[in-house]
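S.K.: One structure, as structure tokens, below. Some questions next.
The values are calculated or read from the model by the stated rules, or taken from the named source; none is laboratory data. Predicted model, so just to flag it, every value in this text is computed and none were measured. All Cβ positions, even for glycine, are placed from backbone atoms using ideal geometry, and neighbour counts span all protein chains on display. Just so you know, the surface numbers come from the protein's heavy atoms only, side chains and all, with ligands and any DNA or RNA stripped out. Shrake-Rupley method; radii C 1.70, N 1.55, O 1.52, S 1.80 Å.
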Amino acid sequence: MQREVYRLKMYKLRFHGRGGQGARVASKVLGTAAFLDGYYAQDFPLYGAERRGAPVAASARISEEPIMERGVIAEPDIVIVMDETLLQDPLTKPVLGIKQGGIVLINTAHSPEEAKVEYKITAQVLTLDITKIGLDMLGMPILSTLAGGVAARIVGLSEDSLTDAVKKVLSEIITDKRLLDKNVAAALYCFNAITPAKIELELKTTDAIKKKSSKVISVPFEPATVSSPAINATGNTPLRMTGNWRVFRPVWNYDSCTRCMICVARCPDGCILVNEDGFPYTDYDNCKGCLICVEECPTNSLGKVREVHV
Amino acid sequence: MAGNGAIKEDGGKGVKEMVIERIKSIKGIPPEENMLPGTPACAGCGGLLALRHCMKALGRKTVIVNAAGCFTLLAIYPYTPFKNSWLYTAMASAPAGAQGIRDALDILIKKGRLDPDEDLKVVVLTGDGAAYDMGLSSTSGAINRNLDFYYICYDNEAYGNTGVQWSGATPFASKTGTTPPGRISPIGSELAKKDLFAIWNSHKPPYLATISPAHPVDLINKFKKAEQYKGPKLFIALSPCPPGWGIDSSYTVKLAKLAVDTGVWALKEAVFGVVTHTVVPKRFKPVEEYLQVQGRFAHLFKPVRQEAALNKIQEGVNEYWNRHKLLL
Ligand SMILES: Cc1ncc(C[n+]2csc(CCOP(=O)(O)OP(=O)(O)O)c2C)c(N)n1
Ligand code: SF4
Ligand code: SF4
Ligand code: SF4
Ligand SMILES: [Mg+2]
């Protein structure tokens, strides 16, 4: 098999995160920085039927020439995984379609070698604990500008354009000047925190892509009984396991808990149950980690612990 | 179908005498969960918390008629969080859907094909966009026809599902996708929030109430009280929405409480048009405490304080409570 470093005229990236983490803004920061560096750029989110905490994706194309293609990126050169738990989510499959020799950057506390083995990734893997940087530098796990910074480095953009892009994109969203400055600093920190790998594509793969015929998909007409789905089950959403949305998990300290039932009444998802002794506990399979229970407990018997996955 | 006149003639006569078991505290909330975890709603969704308590109060013998909005996502094939039936309708027509289901149930009972004990409560569930704007006329019609149904509006003060655009429920000076504060209009939304309670109450329905996810005892007692009336039973829940309002997901309940404590959201009920306030703060907190913690009002404080707008909001709240002679 012929293996050579293939200089791409166009980079195709996909960002995978959870709603609220900033995948959409990350792609916008990248696209804007590329544009400021003189490239043609495209960035866009993929909206699904889900909400904050649920899997979301955004894409970007960066090119030296005008970009004629549109739509979802099925075979990216670079994938930025902003939430590690997505790698285990059978419905999301963040690395799906990644080219051999492409780059997967994972937001994790683990080393690239560990992550490569754990998630069985055949492409090149880079890792960075972006969540920790976000919590340290911004005080919150919103990773848009940080992930944008990482992507800008991998693609080979300049620090100046990244800085200007973060300022431009964020000033449309937030008014807090200090938070904006912190974001610039965090984006640059991430930019410099990784050593980018070269994308090494096997020509075989690119040839294979070219050969694939693109037939127009045909959707036949179906009667309403088939085309409008009916759910013949009750109360089965717990199977969805929304527990992997959490950044922090609520933890109880029963020494000071008065069993007042306030946390139970405050959980939007109704995850908090009561054990035989009358103490509350949550269903971690589905607790989304909103932390309302922590905020509301009158005796401070609830604390939060950062989720570290794997 | 009885019209409005019929309701008035009934006055309270047609009302079944029923023992209403009021609950006194959070410990009295029914432990049964009729809506299970694992929904696609955002972490910390205020509307979901309100709905969870509504479902506890309503029980499992219900059928929900859900107009398009965030909560249509609760039941996405092949999953549903509900223990009861659920149906999806277009945005403007949930009350019409409810009429169809009510009629079908009545006919089945009349023909002896459905045991009256198996009858279902028909519950319309919509956001504010459907309730205040698009579905207002079909709701007016249903109330006017004295349709026997419940209506729960979770009011997140915007078209949330499509990415937070302005609705008739959006309050003055709020930032939404379609009312961004800028150089020409630094205030954000220039229009006042519609008073849906007053609009619905002009029909004099048997029961109408405002509720809050932070006041589940008040909420459940209102549903218990409503149960005795045949006809429209309507509820509006002010529902903090973390992404739409720019708050942390952990802050939903605090903010819902602040809305009540500052007088922004009046908890009240109306029986055949007669209004009573159910929770009146002993001392009202300044409205600023409610506004300044929300991203959608951040432009009122930074980079410059928009004093005139802030005063206008506080004055609006004072005027409301003065008019009801409840401002001490
Ligand atoms: C007639 C019609 N117009 C527009 C839409 C698109 N749409 C779907 S949900 C939604 C927002 C509804 O807002 P609201 O009723 O406040 O509920 P929320 O999304 O805030 O929960 C819109 C505009 C639609 N489904 N039907
Ligand atoms: S709110 Fe706090 S004190 Fe009350 S039951 Fe929950 S953990 Fe215990
Ligand atoms: S963090 Fe607490 S309130 Fe939020 S979903 Fe988990 S258990 Fe419920
Ligand atoms: S957008 Fe707001 S109302 Fe809709 S699910 Fe999220 S928190 Fe709830
Ligand atoms: Mg709404």
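S.K.: Determine ³J(HN,Hα), in whole Hz, for all residues of the stretch B:67-77 in sequence, where each value follows from phi through the Karplus function 6.51 cos²θ - 1.76 cosθ + 1.60 and θ = phi - 60°; x replaces Gly and Pro.
M.R.: 7, 3, x, 3, 7, 5, 7, 4, 10, 10, 3
S.K.: Now a separate question. Please check which bits of the stretch A:275-299 a label hung off A:CYS260 would reach, taking the label as a point 7 Å along Cα-to-C-beta and the cut-off as backbone N under 17 Å.
M.R.: From the stretch A:275-299, the list is A:279-281, A:292-299.
S.K.: Where nothing but the Cβ of Lys and Arg (+1) and of Asp and Glu (-1) is charged, how large is the charge dipole of chain A around its Cα centre, in debye to the nearest 20? Walk me through the numbers before you get to the answer.
M.R.: Values: 37 positive and 36 negative charges, 148 e Å.
Its charge dipole is roughly 720 debye.
S.K.: Still on this structure, please answer the following. Can you pick out the pairs among B:LYS27/B:LYS61; A:LYS28/B:LYS254; A:LYS304/B:LYS83 whose Cα atoms lie more than 26 Å from each other?
M.R.: Details: B:LYS27/B:LYS61 24 Å; A:LYS28/B:LYS254 33 Å; A:LYS304/B:LYS83 31 Å.
Among B:LYS27/B:LYS61; A:LYS28/B:LYS254; A:LYS304/B:LYS83, the Cα-Cα distance tops 26 Å for A:LYS28/B:LYS254; A:LYS304/B:LYS83.
S.K.: Now for a separate question. Please identify the trypsin sites (Lys or Arg not before Pro) of the stretch B:42-122 that satisfy two criteria: DSSP loop assignment and at most 15 other Cβ atoms within 10 Å. Which are they? Could the numbers behind the result be given before it?
M.R.: Working: sites: B:ARG52, B:LYS56, B:ARG60, B:LYS61, B:LYS83, B:ARG102, B:LYS110, B:LYS111, B:ARG113, B:LYS121; in loops: B:ARG60, B:LYS61, B:LYS83, B:LYS111, B:ARG113.
Filter output for the stretch B:42-122: B:ARG60, B:LYS61, B:LYS111, B:ARG113.
S.K.: Then there is this: Principal axis extents for the stretch A:113-167, Cα atoms only, whole Å, descending order, please.
M.R.: Extents along the principal axes: 37, 27, 12 Å.
S.K.: Which value, in Å² and to the nearest 10, is the accessible area of B:HIS203 when all protein chains are kept and the probe is 1.4 Å?
M.R.: Answer for B:HIS203: close to 30 Å² accessible.
S.K.: What translational diffusion coefficient, in µm²/s and rounded to a whole number, does the Stokes-Einstein relation yield for the stretch B:21-120 at 4 °C and a viscosity of 1.567 mPa s, taking the hydrodynamic radius as the Kirkwood radius over Cα pairs? Display every interim value, and only then the final one.
M.R.: Numbers: Rh = 15.2 Å.
D = 85 µm²/s.
S.K.: Sticking with the crude label model, points 7 Å out along Cα→Cβ, report the distance from A:ASP181 to A:PHE221 in nm, one decimal please.
M.R.: Rounded to a tenth, the inter-label distance reads 6.5 nm.
S.K.: Along the Cα→Cβ direction, 7 angstrom out, place labels at A:SER111 and A:ILE174. What is the inter-label distance in nm?
M.R.: 3.4 nm
S.K.: Further question on the same structure: What FRET efficiency would be calculated for the residue pair B:LYS302, B:LYS24, taking the C-beta separation as r and a Förster radius of 51 Å, to the nearest 0.05? If you can, show how the numbers build up before the last one.
M.R.: Numbers: r = 43 Å, r/R0 = 0.85.
Computed FRET efficiency for B:LYS302 and B:LYS24 comes out at 0.75.
S.K.: I've got another one for you. Which FRET efficiency, nearest 0.05, do B:LYS61 and A:TYR284 yield, Cβ-Cβ r, R0 30 Å? Don't skip to the answer; put the middle values down first.
M.R.: Details: r = 32 Å, r/R0 = 1.05.
The formula returns an efficiency of 0.40 here.
S.K.: A further question follows. For chain B, what relative contact order do you get, as a whole percent, if you take Cα pairs closer than 8 Å and at least 6 residues apart? The partial results should precede the final answer.
M.R.: Values: 622 pairs, mean separation 59.2, N = 328.
Result for chain B is 18 percent.
S.K.: Quick one: dipole size for the stretch A:241-306, taken about the Cα centre, charges +1 on Lys/Arg Cβ and -1 on Asp/Glu Cβ, in debye to the nearest 20.
M.R.: Numbers: 7 positive and 8 negative charges, 61 e Å.
Dipole magnitude for the stretch A:241-306 comes out near 300 debye.
S.K.: Here's something else I'd like to know. Over all alpha-carbon pairs of chain A, lay out the pair-distance distribution in 20 Å bins, whole %, shortest bin first.
M.R.: Per 20 Å bin, starting at zero, the Cα-Cα P(r) for chain A comes out as 29, 51, 19, 1 percent.
S.K.: Hey, with R₀ at 56 Å, roughly what FRET efficiency would A:LEU96 and B:ILE199 work out to, going by the Cβ-Cβ distance, to 0.05?
M.R.: Numbers: r = 50 Å, r/R0 = 0.89.
Result of the calculation: an efficiency of 0.65.
S.K.: Same structure again: Using amide H atoms built in the peptide plane, which far-off residues or other-chain residues are under 5 Å from B:VAL279 H to H?
M.R.: Distant-sequence amide H within range of B:VAL279: B:LEU267.
S.K.: Taking all pairs of different Cα atoms in the stretch B:39-323, averaging 1/r and flipping that mean, what Kirkwood radius in angstroms comes out? Each step should come with its number before you reach the end.
M.R.: On the way: mean 1/r = 0.0517 Å⁻¹.
Every distinct Cα pair counted, the radius reaches 19.3 Å.
S.K.: Still on this model: Taking the Cα centre of chain B as origin, work out the dipole magnitude from +1 charges on Lys and Arg Cβ and -1 charges on Asp and Glu Cβ, in debye rounded to 20.
M.R.: Values: 39 positive and 29 negative charges, 95 e Å.
It comes to approximately 460 debye.
S.K.: I would also like to ask the following. Keeping all protein chains in place, calculate the accessible area per residue for the protein assembly as shown (probe 1.4 angstrom), answer in Å².
M.R.: 46 Å²
S.K.: Can you list the residues of the stretch A:54-68 with backbone N under 20 Å from a point 7 Å past the Cα of A:TYR40, pointing along Cα to Cβ?
M.R.: A:59-68
S.K.: Taking a point 7 angstrom from the Cα of A:TYR189 along the C-beta vector, which residues in the stretch A:51-76 have backbone N less than 12 Å away?
M.R.: It comes to no residues whatsoever.
S.K.: When the helices in chain B are scored as -39500 (n - 2.57) per DSSP H run of 4 or longer and the sum is shared across all residues, what 222 nm value do you end up with, to the nearest 500 deg cm²/dmol? It would help to have the intermediate numbers written out before the result.
M.R.: Values: 10 runs with 99 residues, N = 328.
When only DSSP H runs of four or more count, the value is -9000 deg cm²/dmol.
S.K.: Calculate the all-directions average of the projected area of the stretch B:182-269's alpha-carbon convex hull, and give it in nm².
M.R.: Numbers: hull surface 29.2 nm².
Over all viewing directions, the stretch B:182-269 projects a mean Cα-hull area of 7.3 nm².
S.K.: Moving on. Other chains near B:300-311: what is the mean number of their Cβ atoms within 10 Å of each residue's Cβ? Can you show the working numbers first?
M.R.: Details: counts 0, 1, 4, 3, 0, 0, 0, 0, 0, 0, 0, 0.
Taking the mean over all residues of the peptide, I get 1.
S.K.: Taking the simple approach of a point 7 Å from Cα along Cα-to-Cβ for both B:THR162 and A:ILE67, what is their distance in nm?
M.R.: 2.6 nm
S.K.: Continuing with this model, one more query. What does the structure give for B:116-124 when I average, per residue, the other chain Cβ atoms found within 10 Å of the residue Cβ?
M.R.: On the way: counts 0, 0, 0, 0, 0, 0, 0, 0, 0.
Partner-chain Cβ atoms within 10 Å, mean over residues of B:116-124: 0.
S.K.: Right, another one. So what's the net charge close to B:GLY127: Lys and Arg +1, Asp and Glu -1, counting the other residues with Cβ under 15 Å from its Cβ?
M.R.: On the way: positive: A:ARG51, B:LYS193, B:LYS194; negative: B:ASP128, B:ASP133, B:ASP155, B:GLU157.
So the surrounding residues net to -1.
S.K.: Let me ask something additional. Within 10 Å of each Cβ in A:168-176, how many Cβ atoms from other chains are there, averaged over the peptide?
M.R.: Values: counts 0, 0, 0, 0, 1, 2, 4, 8, 4.
Per residue, the average neighbour count from other chains is 2.
S.K.: Moving to a separate point now. Give the ranking of A:ASP136, A:ASP164, A:ASP269 by solvent-accessible surface, highest area first, calculated with a 1.4 Å probe. Intermediate values should be presented prior to the final figure.
M.R.: Values: A:ASP136 105, A:ASP164 80, A:ASP269 10 Å².
Ranked list, largest accessible area first: A:ASP136, A:ASP164, A:ASP269.
S.K.: Here is a follow-up. Would you kindly derive the ³J(HN,Hα) couplings of the stretch B:26-32 from the backbone phi angles with the Karplus curve 6.51 cos²θ - 1.76 cosθ + 1.60 (θ = phi - 60°), listing them in order in whole Hz, with x for Gly and Pro?
M.R.: 4, 5, x, 5, x, x, 4
S.K.: Rounded to the nearest 5, what % of the DSSP beta bridges within the stretch A:9-206 are antiparallel ones? Before the final figure, lay out each step's value.
M.R.: Numbers: 16 of 30 bridges.
Taking every DSSP beta bridge with both residues in the stretch A:9-206, the antiparallel ones total about 55 percent.
S.K.: P(r) for the protein assembly as shown, please, calculated from all Cα pair distances in 10 Å bins and given in %.
M.R.: Histogramming the protein assembly as shown at 10 Å steps yields 3, 15, 24, 24, 18, 10, 5, 1, 0 percent.
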